[in-house]
1. Multiply the residue separation of Glu9 and Glu56 by 0.36 nm, subtract the distance between their alpha-carbon atoms, and state the gained length in nm to one decimal.
2. Heavy-atom accessible area per residue, segment 39-96, 1.4 Å probe: how many Å²?
3. Counting Lys and Arg as +1 and Asp and Glu as -1, what is the net charge of the other residues whose Cβ lies under 12 Å from the Cβ of Asp111?
4. Count charges around Cys122 for me, please; just the other residues with Cβ under 11 Å from its Cβ, Lys/Arg as +1, Asp/Glu as -1.
5. Give the residue list of chymotrypsin sites (Phe, Trp or Tyr not before Pro) in segment 102-170 that are DSSP loop and have at most 16 other beta-carbon atoms within 10 angstrom.
6. Computing the accessible area with a 1.4 Å probe over protein heavy atoms, can you report the carbon and sulfur percentage for segment 34-170?
Amino acid sequence: MFLGCSNSELVEQQQAQNEELQTRIDSLQTLITENMPNTSKQITAFLTFQENNAEEAMNYYVALFDNSEVLDIQRHGAGGPAPEGSILLARFSLNGMEVLCSDSYIKHEWDFTPGVSLFVTCQSAEEQDKLFERLSADGQVMMPLNNYGFSQRFGFVEDQFGISWQLNLD
């Protein structure tokens, strides 16, 4: 006596059920992805410029670093408290890191502090030299490029806009 193990009708039903389950799983994954907070954007650097030079600084940084771009600019309009055309809020990317900036129409008693800085891991001494030279031009060298023990080659500068940069050779 010979027993057959296949039933084409049963196989087709199982395939249809599997396809339906896969469709449901895909829908659930889409819902989860759409409703999950984007943790990579929960914390973003925000630069407040008080000399109406946010756009100049943003364009300078975007030109200086590879893989960087201006993403969005919102400007103050006419009749508002700030000069027309100044930056209300701009969003740009520096080598993939999102940064926000604005022109403050209110003069604050504070400005940027070197205690908070942007840390750049350089891939080569040539890249580090270029960044160090460009960022310190019309700025201030706080620690010249050197071996400080914690790094074989490290430099700390404040640029012409008052932003502090730590440049490390990895």
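1. 9.9 nm
2. 58 Å²
3. With Lys, Arg at +1 and Asp, Glu at -1, the net is -2.
4. -2
5. Of the chymotrypsin sites (Phe, Trp or Tyr not before Pro), the ones in loops of segment 102-170 whose Cβ has at most 16 other Cβ atoms within 10 Å are Tyr105, Trp110, Tyr148, Phe150.
6. Result for segment 34-170: 48 percent of the exposed heavy-atom area is carbon or sulfur.
The values are calculated or read from the model by the stated rules, or taken from the named source; none is laboratory data. Given the structure is predicted, the values throughout are model-derived calculations rather than measurements. Cβ atoms come from the backbone with ideal geometry, glycine included; neighbour counts cover every protein chain shown. Just so you know, the surface numbers come from the protein's heavy atoms only, side chains and all, with ligands and any DNA or RNA stripped out. Shrake-Rupley method; radii C 1.70, N 1.55, O 1.52, S 1.80 Å.
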